[in-house]
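First the structure, in the form of structure tokens, and then the observations on it.
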Amino acid sequence: MPSVGVLIFFAIVGAIICAKARVPGGAVVFALVAIVLFVSTPVGAGLPSAVATFLSTLDNAATPALSGSGAVG
């Protein structure tokens with residue numbers, strides 16, 4: 001699929017146009033299409049695991065503070 005870059009570009013442009021025209025639903029749809037197209041490429045294939053790792057690290061760092069089981073100081 002060599003033209004996926006062009007599709008991603010047009011999805012981003014569509015999201016910008018919808019945002020400028022104050023049509024939030026269209027902007028969200030175009031942005032989601034761009035993300036799905038990006039994740040389907042070999043470059044974006046690692047994005048879901050990177051997001052999962054980041055959220056896991058964030059959860060591990062916040063759990064002691066939220067549960068009150070961490071040491072003070």
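Specify which labelled value, from (1) 74; (2) 53; (3) 59, agrees with percent of Cα pairs over 18 Å apart derived from the coordinates of the model shown.
Checked against the structure: label (3).
Can you give the calculated 222 nm mean residue ellipticity of the chain, where each DSSP H run of n ≥ 4 adds -39,500 (n - 2.57) and the sum is split over every residue, rounded to the nearest 500 deg cm²/dmol? Could the numbers behind the result be given before it?
Working: 3 runs with 54 residues, N = 73.
Computed ellipticity for the chain at 222 nm equals -25000 deg cm²/dmol.
I want to check the label-to-label distance for residue 39 and residue 53. Put each point 7 Å from Cα in the C-beta direction and report it in nm to one decimal.
Using points 7 Å along Cα→Cβ, the separation is 1.7 nm.
Taking each full run of DSSP H in the chain as one helix, which ones are at least 15 Å long along their axis (Cα atoms) and have mean Kyte-Doolittle hydropathy of at least 1.6? Numbers along the way, then the final one.
Values: long enough: 4-20 (24 Å, 2.54); 24-39 (22 Å, 2.61); 47-67 (29 Å, 0.79).
Those that pass (Cα extent of 15 Å or more, hydropathy at least 1.6) are 4-20, 24-39.
A short reminder: the numbers here are calculations on the coordinates, not readings from a lab. Quantities reported herein were computed from a predicted structural model and do not represent experimental measurements. All Cβ positions, even for glycine, are placed from backbone atoms using ideal geometry, and neighbour counts span all protein chains on display.
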